[in-house]
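Structure, as structure tokens:
The values are calculated or read from the model by the stated rules, or taken from the named source; none is laboratory data. Given the structure is predicted, the values throughout are model-derived calculations rather than measurements. Counting neighbours? That spans all protein chains shown, and the Cβs are built from the backbone with ideal geometry, glycine included.
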């Protein structure tokens, strides 16, 4: 006789076998806060919230599929994904569609894609594979090759221009190099060289990019133009006070003062309604997310058997670490931008801002972290 109950149990177990529930619960909590905030920001147009819920569903499915791919197989995608991403960036440079002065999109006839999003995953994947391949013989020349692999897509993305995405891709690549053992003296030298080259870099910037930096110093110089975003967002954050104005009661939000309130500036909407206390809770959730990611990534040497890291190869450690620190970069740049301590560069708040492409990319990263964690556990068994 067929054991129906046992078969169903085994099937259910297999469905969730590669889900890391602590990581899923943390991201679900942030997404829940984000979905409620998107509704508040667009309460007069409910289709935004429904669309975001659909985006979340698609992203979770992508996460589930990726989590089932062993890290060894992920290595096989490194070179093809990097090459495809690079070719698409070149295609954008040559044939891309210009929207609002920026050439970031590529038309496929039935839809448009933004190839720079691919590089957010392809870049750390490629460099993690590269350092894993030469782990036993790492020399200075390997870091130089890695820097070249990073600079080419960074330059193509910055040229679109899309400084926000370029920073995220560049940050992901740098984190891989740093975790692979890039010497501190090299890092300090690069910082010094960057500072020395600041006048040259300033001359290479577009007019609107220079204006954003000047606006950061004093947004009141152009309160109805380039300074409007920062002024309104900081007013919203400050008006929230310690405990906020209450859900759906944000005046800056509902009187249409905050621009891009459901995307890049969603943090201002959240801060106005929930205040300092709500911000502490949100930062705590992001801290848990980063902490869980680093627990998966940190190398196992020097810790007990029960506390060993999930990542057992250099490839897994570098990839997990870069993805996790990428989440930190996302959140830091967005919150800093909205709070007026960083220039406005158009980076969404991870797992909260409205948008499908960015959300799928983020959950690709979460799926990779789950793959590294759960396949390590199943291997031990």
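Here segment 224-258 is the region considered, the condition is being under 26 Å from the mean Cα position of the chain (by Cα) and closer than 23 Å to residue 31 by Cβ, and the residue that is surrounded by the most Cβ atoms within 10 Å (Cβ to Cβ) is 233.
If the condition is being under 11 Å from the mean Cα position of the chain (by Cα) and surrounded by fewer than 24 Cβ atoms within 10 Å (Cβ to Cβ), then segment 332-347 contributes 332, 333. No other residue among 352, 370 is over 15 Å from residue 31 (Cα atoms) and crowded, with 20+ Cβ neighbours inside 10 Å apart from 370.
In summary, helices (runs of 4 or more DSSP H) completely within segment 113-219 and bearing 3 or more residues that are in contact with a helix residue (DSSP H, G or I) (Cβ under 6 Å, 6 or more places away or on another chain) occur at 116-133, 140-158, 163-179. Taking each residue of segment 340-353 that is in contact (Cβ under 8 Å) with a residue 12 or more places away in the chain and looking for partners that are surrounded by fewer than 24 Cβ atoms within 10 Å (Cβ to Cβ) and in a loop (DSSP other than H, G, I, E, B) with beta-carbon atoms closer than 8 Å, six or more apart or interchain, yields 346/162; 348/263; 348/355; 353/263.
Okay, residues lined up against (1) under 20 Å from the mean Cα position of the chain (by Cα); (2) modelled with pLDDT of 90 or more; (3) farther than 30 Å from residue 253 by Cα:
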residue: 17; (1), (2), (3): no, no, yes
residue: 27; (1), (2), (3): yes, yes, no
residue: 66; (1), (2), (3): yes, yes, yes
residue: 82; (1), (2), (3): yes, yes, yes
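Please work out if residue 50 is in a helix (DSSP H, G or I) and under 30 Å from residue 318 (Cβ atoms). No; evaluated as a whole, the condition is false for this residue. If you check 94, 60 for being at pLDDT 90 or above and either surrounded by fewer than 18 Cβ atoms within 10 Å (Cβ to Cβ) or under 30 Å from residue 274 (Cβ atoms) (or both), only one passes: 60.
For segment 89-103, a residue qualifies if it is touching a strand residue (DSSP E or B) at 6+ places or on another chain (Cβ under 8 Å), in a strand (DSSP E or B) and in contact (Cβ under 8 Å) with a residue 60 or more places away in the chain, but none of them does. Please indicate, with yes or no, whether at least one residue in segment 256-270 is farther than 23 Å from residue 358 by Cβ and either touching a strand residue (DSSP E or B) at 6+ places or on another chain (Cβ under 8 Å) or part of a loop (DSSP other than H, G, I, E, B) (or both). Yes, that holds for at least one residue.
Number of residues in segment 220-249 that are under 17 Å from residue 282 (Cα atoms) and touching a helix residue (DSSP H, G or I) at 6+ places or on another chain (Cβ under 8 Å) equals 10. If you go through segment 339-354 one residue at a time, do you hit one that is out of contact with any helix residue (DSSP H, G or I) (no Cβ under 6 Å at 6 or more places or on another chain) and part of a helix (DSSP H, G or I)? Looking for residues that are out of contact with any helix residue (DSSP H, G or I) (no Cβ under 6 Å at 6 or more places or on another chain) and part of a helix (DSSP H, G or I), one finds at least one in segment 339-354, hence yes.
Is it the case that some residue within segment 137-156 is surrounded by 12 or more Cβ atoms within 10 Å (Cβ to Cβ), at pLDDT below 90 and more than 26 Å from residue 346 (Cα to Cα)? Yes, because at least one residue in segment 137-156 is surrounded by 12 or more Cβ atoms within 10 Å (Cβ to Cβ), at pLDDT below 90 and more than 26 Å from residue 346 (Cα to Cα). Taking segment 66-81 as the range and being surrounded by fewer than 18 Cβ atoms within 10 Å (Cβ to Cβ) and either in contact with a strand residue (DSSP E or B) (Cβ under 9 Å, 6 or more places away or on another chain) or not in a loop (DSSP other than H, G, I, E, B) (or both) as the test, the residues that pass are 72, 73, 76, 77, 79, 80.
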